[in-house]
Amino acid sequence: MHEPSKHPVLNADPFPGHPDFNGPLTLETQSYERIELAGDPPYQDSLRYGIEVADGSGETVILKVKGVELFVDPGTEYEELHGQFKDCEFNVLSRNYERDFLQANAEFYACVAGRIHQVTACCPRLDVLSIAAGQGYELDTVFARGREGKFLGLDPSEQMLRVLEGKDDRYPETAIHTRVARAHALLEEHVREDIIDTIGRPTLVTCVAGLHVIDKTGRSEGDALGKQVRPILAAVVDMMQSGGFIVVGNYYHKTDADYERFAQIWHDKQVANGVANPHQPTPPNKLFTPQQMGRMLEGLGLNVDRMSPNDDVMCSTGIRGYVMVARKL
């Protein structure tokens, strides 16, 4: 469990110039004891163990916790180490998001980008509301070609939005805004008014790979699929500009056999990443099929584009993804 280390440079900055990161941590080259608890204990236990080892030995140690490496000096306070861990975890999360989502499901995200480019090709500027914005894939897709406009990303993860905000220098013609909030906040009138005051009535709304998560948040036993999502989408449609578009992308499984193959891939990946108790992926009956999503959007009074075979793709991870476009008349 313990091995010496001669790697003094930790946490190389993947986002040069990012306001929330102060650059790589460097120390003079010397050997440090490297410690890592076996299994997958809570990170709090690992932090306390690192402090205990450093205090007991009177020497600085390198503690590895969930992919993050930290120097722990004798006398380090828990709160200080906890803050360092959360800051470093942010950078690991950023790298893993690119690898585990965008790259792993590249076929799906290429389909999303293609449809967004198609419906916005003739728009010289756009005012975009991105629901479950994450690290800003839609920001990159819509404004990568120098288009003017405003972008507001809504997401419950402050860490994700910090990455999005760090892209500000890439898009000088775009006013970028974020709000840390669940999609359910859109049911509140003051939240919708804030969005309209900030970017105007959206001409484009996106929600990619997030609707099934939104729908299960706050769901009660026996609730029908879509009970949580439908009123949120209705509120969004109401504040959209007439003639505006909504682009929805989501995952699903066509058959039980498809789901079983994906569940095995998902299980094997978790085991390979050292997860002690792998969990099952979202079952098919908790995901919106294209037919269900189409009916929901039509029921909100939107004009839904007919999907082509290119709008429904199988990803290399074993899950299917589809993209649907609808317009407010």
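The set of residues in the range 266-312 that are within 30 Å of Gly67 (Cβ to Cβ), in contact (Cβ under 8 Å) with a residue 40 or more places away in the chain and touching a Lys or Arg at 6+ places or on another chain (Cβ under 9 Å) comprises Val275, Thr282, Lys286. Here the range 252-265 is the region considered, the condition is being touching a residue at least 24 places away in the same chain (Cβ under 8 Å) and among the acidic types (Asp, Glu), and the residue that is surrounded by the fewest Cβ atoms within 10 Å (Cβ to Cβ) is Asp256.
So that you can scan it fast, the table gives a plain yes or no per residue for (1) among the small types (Gly, Ala, Ser); (2) under 25 Å from the mean Cα position of the chain (by Cα); (3) within 13 Å of Gly114 (Cα to Cα):
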residue	(1), (2), (3)
Arg295	no, no, no
Gly299	yes, no, no
Val304	no, no, no
Asp311	no, yes, yes
Ser316	yes, yes, no
Ile319	no, yes, no
Val323	no, yes, yes
Leu329	no, no, no
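Considering only the range 219-237, state which residues are without any contact (Cβ under 8 Å) to a residue 24 or more places away in the chain and over 22 Å from the mean Cα position of the chain (by Cα).
Ser220, Glu221, Gly222, Asp223, Ala224, Lys227
Could we say that Gly249 is in contact with a strand residue (DSSP E or B) (Cβ under 7 Å, 6 or more places away or on another chain) and either over 23 Å from Gly114 (Cβ atoms) or in contact (Cβ under 8 Å) with a residue 12 or more places away in the chain (or both) here? Spelling it out, Gly249 is indeed in contact with a strand residue (DSSP E or B) (Cβ under 7 Å, 6 or more places away or on another chain) and either over 23 Å from Gly114 (Cβ atoms) or in contact (Cβ under 8 Å) with a residue 12 or more places away in the chain (or both).
Glu193 satisfies every condition listed in (1) in contact (Cβ under 8 Å) with a residue 40 or more places away in the chain; (2) surrounded by fewer than 21 Cβ atoms within 10 Å (Cβ to Cβ) except (1). Being in the same structural domain as Gly249 (by TED's automatic domain parsing), surrounded by fewer than 21 Cβ atoms within 10 Å (Cβ to Cβ) and farther than 16 Å from Asn250 by Cβ is not true of Cys111. Which one is surrounded by the fewest Cβ atoms within 10 Å (Cβ to Cβ), of the residues in the range 130-184 that are of a type in the set (Asp, Glu) and more than 21 Å from Val236 (Cα to Cα)? Per the stated criteria, the residue is Asp169.
The values are calculated or read from the model by the stated rules, or taken from the named source; none is laboratory data. This structure is a prediction, so every number in the text was calculated from the model and none was measured. Note that each Cβ is placed from the backbone with ideal geometry, even for glycine, and that neighbours are counted across all protein chains shown.
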